[in-house]
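> Take a look at the following structure, please.
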Amino acid sequence: MTIQTTSLLAPFFGLFTLSGQLISADVPAPPNVVLIFADDLGYGDLGCYGATKLKTPHIDKLAAEGKKFTDAHSSSAVCTPSRYGLITGEYPFRANGGKGIWGPAPITSPLLIDTETLTLADVFKNSGYDTAAFGKWHLGFGEGKNDWQAPLRPGPQDLGFDYYFGMPVVNSAPPYLYVENDKIVGADPADPLIHLGRNTTEKTTPITPILPKESQRSANQFTGAVEAHKLFNDYEVGTKLTEKATSWIKSRKDKPFFCYFATTNVHHPFTPAKRFQGTSESGVYGDFVHELDWIVGEVMKTLEETGVADNTLVIFTSDNGGMFNLGGRAAAEKGHKINGDLLGSKFGIWEGGHRIPFIAKWPGKIAPGTVSDQLTISVDLLATAAALTGQNLKDQKDSINILPALTGTPTQPLRTEMFITPNKPSHMAYRKGKWMFIPAKGSGGFRGSKPGQHAWGGPAVTKLVGSPNSDIENGKLKKDAPPAQLYDLEADINQTKNIAKDHPEIAKEMAAEIKKAKKRMPSPRPKKK
């Protein structure tokens, strides 16, 4: 793919060749970019978004010194497809040859992103940046079925990242160990990692014991790699990932850098380091948010100490909305509103499943203490990165450049529509302006409602947190609930009233757009150079 460098952003940082050499010495260097991508952090989980039962001073400071977005969304209400959308700039329903990615990647998943497609990391790398990814990956490794044997390729390093260190799947699923680049940390050829499967009766390698209140975690499915497993302690993951990310930032010298830090906080199990335990008013859930806030503070402190803070764009956001698992429900009972007053939660299509915190700080370029109501979705970061680095992409896929909304206050919407996917294809939704249309009943997400169930969601959560909705009564869908849902988000951001019956023409038009989108072939994928 041919990438053209444009001079439109010369006032910000000048022009660079693809090798990273400055063309003109009269203009500043390009900005470093740090993207902190939290896991399952809800719209109401931060002080700057209204939380009162926990404290997030470092993230609140980030908002006070930068810009907070109130209408930002993840491309999916589910972790793996959301990450796909972020890294590719493409709606996850287009993935897999048009079949889409809808749920979390299984343990043995191959790499889910075509190594020939242009990624967010590629955009920075093509402009001479050093690139690294830390933390939760959850997009698979290898081709076919991943057997977890080194080298774990293709992987992050085949998608534009120079370096990777992190949790290969998710902190609630095995293997419970770290991967560095394409190898398991602490691997021993004499004691190989072997996957036994979900229903194995064989003895598996021991993992860190955790408390029942810290929420669900799947049993280990692997034997072998005993030393590698010993290096992974659930209560030390946040600290270890932060040490790795900040050390890498400190080691950058002359070239600009892009750091993608995908935290495991605040995905279950809730296992913060001991110093954070019992520090919030919302149980282990809030304690885990406190650790996340510390992580952000450590990153910001590192930028200051290395002298690059003034020339670094920091973006903080989440992969989807909060989840009402055991820890989430306990927090709700203590008065914490995980997703604020929004309807719904992770996996589901209501706003609580995908409307997320989004904060950006760039000294001298983003006015401090500002708020934007511009509509944006995580796929937009690819086109934004291209604009930021002065590149003219022939095809930006589903991505829209939101740099004008970061550095200014556009009078017109940059994005006027978008598609959002939950766990179920039947509930893929369409947003256009103030309208949000869902072509089915309910949320299309989790359905748990009993005390001992892990994954609560849908109507049951509305009763738990007191979120009214005209289709729901006493935590259950009404028998006469309309077959589809339409909400006016300007008048009713909390989706209290389904007005599909009142506006049949709008509902019909929006349903047609979803059908059209589903039939469309995957968007053309720009290739790497």
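> Please specify each residue of segment 38-50 satisfying the condition of being buried (at least 24 other Cβ atoms within 10 Å of the Cβ) and of a type in the set (A, V, I, L, M, F, W, C).
Ala38, Leu41, Leu46
> For segment 103-116, which positions are surrounded by fewer than 22 Cβ atoms within 10 Å (Cβ to Cβ), in contact (Cβ under 8 Å) with a residue 60 or more places away in the chain and closer than 26 Å to Ala429 by Cα?
Of everything in segment 103-116, those that are surrounded by fewer than 22 Cβ atoms within 10 Å (Cβ to Cβ), in contact (Cβ under 8 Å) with a residue 60 or more places away in the chain and closer than 26 Å to Ala429 by Cα turn out to be Gly103, Pro104, Asp114.
> Then there's this: Looking at segment 508-518, which of its residues are crowded, with 17+ Cβ neighbours inside 10 Å and either touching a Phe, Trp or Tyr at 6+ places or on another chain (Cβ under 6 Å) or under 15 Å from Pro468 (Cα atoms) (or both)?
Our first condition is that a residue be crowded, with 17+ Cβ neighbours inside 10 Å; within segment 508-518, this holds for 510-511, 514.
Answer for segment 508-518, where residues must be crowded, with 17+ Cβ neighbours inside 10 Å and either touching a Phe, Trp or Tyr at 6+ places or on another chain (Cβ under 6 Å) or under 15 Å from Pro468 (Cα atoms) (or both): Met510, Ile514.
> Let me ask another. Filter segment 435-469 down to residues that are out of contact with any His (no Cβ under 6 Å at 6 or more places or on another chain), assigned to a loop (DSSP other than H, G, I, E, B) and either closer than 16 Å to Ile499 by Cα or in contact (Cβ under 8 Å) with a residue 12 or more places away in the chain (or both), then give me how many there are.
Matching residues across segment 435-469 total 15.
> Continuing with this model, one more query. Out of (1) of a type outside the set (Ser, Thr, Tyr); (2) in a loop (DSSP other than H, G, I, E, B); (3) modelled with pLDDT of 95 or more; (4) surrounded by fewer than 23 Cβ atoms within 10 Å (Cβ to Cβ), the odd one out for Val371 is which?
Condition not satisfied by Val371: (2).
> Of the residues Thr264, Thr239, which single one is closer than 16 Å to Gly166 by Cβ, at pLDDT 95 or above, crowded, with 24+ Cβ neighbours inside 10 Å and of a type in the set (Val, Ile, Thr)?
Being closer than 16 Å to Gly166 by Cβ, at pLDDT 95 or above, crowded, with 24+ Cβ neighbours inside 10 Å and of a type in the set (Val, Ile, Thr) holds for just one of Thr264, Thr239, which is Thr264.
Conditions tested, residue by residue: (1) β-branched (Val, Ile, Thr); (2) in a strand (DSSP E or B).
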{"position": "Gly103", "(1), (2)": "no, no"}
{"position": "Thr108", "(1), (2)": "yes, no"}
{"position": "Leu112", "(1), (2)": "no, no"}
{"position": "Ala132", "(1), (2)": "no, yes"}
{"position": "Gly144", "(1), (2)": "no, no"}
{"position": "Pro175", "(1), (2)": "no, no"}
{"position": "Pro192", "(1), (2)": "no, no"}
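> Now a separate question. When residues of segment 268-312 are filtered for being assigned to a helix (DSSP H, G or I) and either not aliphatic (A, V, I, L, M) or not assigned by TED's automatic domain parsing to the domain that holds Phe257 (or both), how many remain?
Adding up the residues that qualify gives 20.
> Give segment 414-463 a look and list any residue that's assigned by TED's automatic domain parsing to the domain that holds Asp492, surrounded by fewer than 17 Cβ atoms within 10 Å (Cβ to Cβ) and under 19 Å from Arg355 (Cβ atoms), or say none.
Lys432, Gly433, Lys434, listed by residue number.
> Follow-up question, since we're still on this one. Among the listed residues Gly160, Gly140, which satisfies the condition of being over 27 Å from Phe288 (Cβ atoms), in a loop (DSSP other than H, G, I, E, B) and either among the small types (Gly, Ala, Ser) or within 22 Å of the chain's Cα centre (by Cα) (or both)? Step through it out loud before you land on a result.
Working: Gly140 fails: over 27 Å from Phe288 (Cβ atoms).
From the options Gly160, Gly140, the qualifying one is Gly160.
> If a residue has to be without any contact (Cβ under 8 Å) to a residue 60 or more places away in the chain and not basic (Lys, Arg) to count, how many in segment 288-327 make the cut?
First, the residues of segment 288-327 that are without any contact (Cβ under 8 Å) to a residue 60 or more places away in the chain: 288, 291, 298, 301-302, 304-307, 309-310.
Then drop every residue that is not not basic (Lys, Arg), which leaves 288, 291, 298, 302, 304-307, 309-310.
The number of residues fulfilling the criteria is 10.
> So if I check each of Leu403, Leu342, Leu388, Leu303, which one is of a type outside the set (Gly, Ala, Ser), crowded, with 19+ Cβ neighbours inside 10 Å, closer than 26 Å to Gln216 by Cβ and over 18 Å from the mean Cα position of the chain (by Cα)?
Leu342
> Could you check, for segment 198-210, whether at least one of its residues is surrounded by 14 or more Cβ atoms within 10 Å (Cβ to Cβ), free of Cβ contacts under 8 Å to residues at least 60 places away in the same chain and either aliphatic (A, V, I, L, M) or closer than 20 Å to Ala455 by Cβ (or both)?
Yes, there is a match, as at least one residue in segment 198-210 is surrounded by 14 or more Cβ atoms within 10 Å (Cβ to Cβ), free of Cβ contacts under 8 Å to residues at least 60 places away in the same chain and either aliphatic (A, V, I, L, M) or closer than 20 Å to Ala455 by Cβ (or both).
> For segment 417-440, which residues satisfy the criterion of being of a type outside the set (A, V, I, L, M, F, W, C) and in contact with a Lys or Arg (Cβ under 7 Å, 6 or more places away or on another chain)? First the steps, then the outcome.
Let us first name the residues in segment 417-440 that are of a type outside the set (A, V, I, L, M, F, W, C), namely 417, 421-427, 430-434, 439.
Passing the criteria: only Glu417.
> Those residues that are more than 19 Å from Glu505 (Cα to Cα), basic (Lys, Arg) and more than 20 Å from the chain's Cα centre (by Cα), I need them from segment 407-449; list them, please.
Within segment 407-449, Arg447 is the sole residue that qualifies.
> Anything in segment 339-368 that is among the β-branched types (Val, Ile, Thr) and outside any strand (DSSP E or B)? List them, or say none. Before the answer, list the steps.
Just the residues of segment 339-368 that are among the β-branched types (Val, Ile, Thr), to begin with: 349, 356, 359, 366.
Of everything in segment 339-368, those that are among the β-branched types (Val, Ile, Thr) and outside any strand (DSSP E or B) turn out to be Ile349, Ile356, Ile366.
The values are calculated or read from the model by the stated rules, or taken from the named source; none is laboratory data. These numbers come from a predicted model, not from an experiment. As a convention, Cβ positions derive from the backbone with ideal geometry for all residues, glycine included, and neighbour counts pool all protein chains shown.
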